[in-house]
Amino acid sequence: EAGVTQFPSHSVIEKGQTVTLRCDPISGHDNLYWYRRVMGKEIKFLLHFVKESKQDESGMPNNRFLAERTGGTYSTLKVQPAELEDSGVYFCASSQHLSSGNTIYFGEGSWLTVV
Amino acid sequence: EDQVTQSPEALRLQEGESSSLNCSYTVSGLRGLFWYRQDPGKGPEFLFTLYSAGEEKEKERLKATLTKKESFLHITAPKPEDSATYLCAVNSASGTYKYIFGTGTRLKVLA
C-alpha cells in the first residue's frame, strides 16, 4: 500500500514568489492534515481536511497560505507571496477514521527554502 | 494550554546500553499519545499509540508506557540502527484532532 506522497521534495524560491506543495494521502483516507516544522522548533499543526471540507484551519499562519482539497482526494498548499520565515519542512499526513486516538501517517515532507 | 515536553534533548548510548526517553504532557483530557521515529530528511514514522494510563506497547527493542502525566519510551539493548529522533505527540479530547508535538529526543547509538 502506498504511503502519503508529497511533491516537490525540495524547493528553493525567492522572497515574493509563489510555491505550491502537493500531497496525495493514503488511498481511502478521508482525513488529511498539513503540519510544518521551522528551524529549531517543534512540528506544528496547520490544518485538517475531512474529505474536501476544512475541519480545522486554526494553525494557518496568515492569509498568504491557502490550502485546497478539491474532490476530497489530493491536497495543495500554496504560499503566496513567500516570505523568509516560511522556510521549513511542510509535512502532510492522513488518517482513515476520527476514532479515539486517531493515528495519523506522515509523508516524507516538502522542504522549502525561501531566499 | 496543551503542552508536550520531551527530555533529554539528545542522548548518546553505547550499543547494548538500555535507557528511557521521557515525554511529559499537559492536556485537557487525553484522546491519544503517539510516538514517532524520524530519520534525517524523512517524515515521522509511526511507532505507537497509547490511550490510557497504565497502557504499554512493545515493538522489537522499544516499549512505550503511559501514566496520567507522562510517557516513557524504553529502549532495550539498542543498536546503531535505532539512532534517530524520537517524537512524542498528544491529541486532546477537548479540542479538534490536531496533534501537539514535543521537540523530540535525538538518539545516537554508538557501535
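The values are calculated or read from the model by the stated rules, or taken from the named source; none is laboratory data. Computed from a predicted model, the values in this text were never measured in an experiment. Cβ sites come from the backbone with ideal geometry, for glycine too, and all protein chains shown count toward neighbours. Only protein heavy atoms, including side chains, enter the accessible area calculation; ligands, DNA and RNA are left aside. Shrake-Rupley method; radii C 1.70, N 1.55, O 1.52, S 1.80 Å.
Below, the figures for the structure above:
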item	result
Computed E for B:Ser28/B:Glu56 - FRET, C-beta separation, R0 22 angstrom, nearest 0.05	0.35
Whole-Å semi-axes of segment A:5-97's equivalent ellipsoid (Cα gyration tensor)	22, 13, 13
Peptide-level mean, for B:42-52, of C-beta atoms on other protein chains within 10 Å	4
HN-Hα J in Hz across segment A:2-17 - Karplus 6.51, -1.76, 1.60, θ = phi - 60°, x for Gly and Pro	6, x, 6, 10, 10, 8, x, 7, 9, 8, 10, 10, 8, 3, x, 7
DSSP-assigned coil residues among trypsin sites (Lys or Arg not before Pro) in segment B:1-105, each with at most 11 further Cβ atoms within 10 Å	B:Lys68, B:Lys69
Residues with amide H under 5 Å from that of A:Leu46, placed H, sequence gap 5 or more	A:Trp34, A:Tyr35, A:Arg36
Contact surface A-B: accessible area buried, both sides summed, square angstrom, 1.4 angstrom probe	1800 Å²
Within the accessible area of chain A (1.4 Å probe), percent carbon and sulfur	49 percent
Largest-first principal axis extents of the Cα set of segment A:54-105 (Å)	37, 23, 17
Cβ neighbours within 10 Å from other chains - mean over A:49-57	1
Probe 1.4 Å, protein heavy atoms only - accessible area per residue of segment A:11-100 in square angstrom	49 Å²
Partner chain coverage, peptide B:96-106 - average Cβ within 10 angstrom	6
Accessible area per residue, Å², chain B with all protein chains present, probe 1.4 Å	48 Å²
Global size of the protein assembly as shown as Cα Rg and Dmax, reported in angstrom	17.6, 51
Drop in accessible area of at least 20 Å² in the complex versus isolated chain, residues of segment A:78-115, 1.4 Å probe	A:Phe91, A:Leu98, A:Ser100, A:Gly101, A:Asn102, A:Thr103, A:Ile104, A:Tyr105, A:Phe106, A:Glu108, A:Trp111
Two-decimal ratio, chain B, of alpha-carbon radius of gyration to 2.2 N^0.38 Å	1.02
Distance from segment B:1-41 to segment A:1-60 (C-alpha centre basis), Å	23 Å
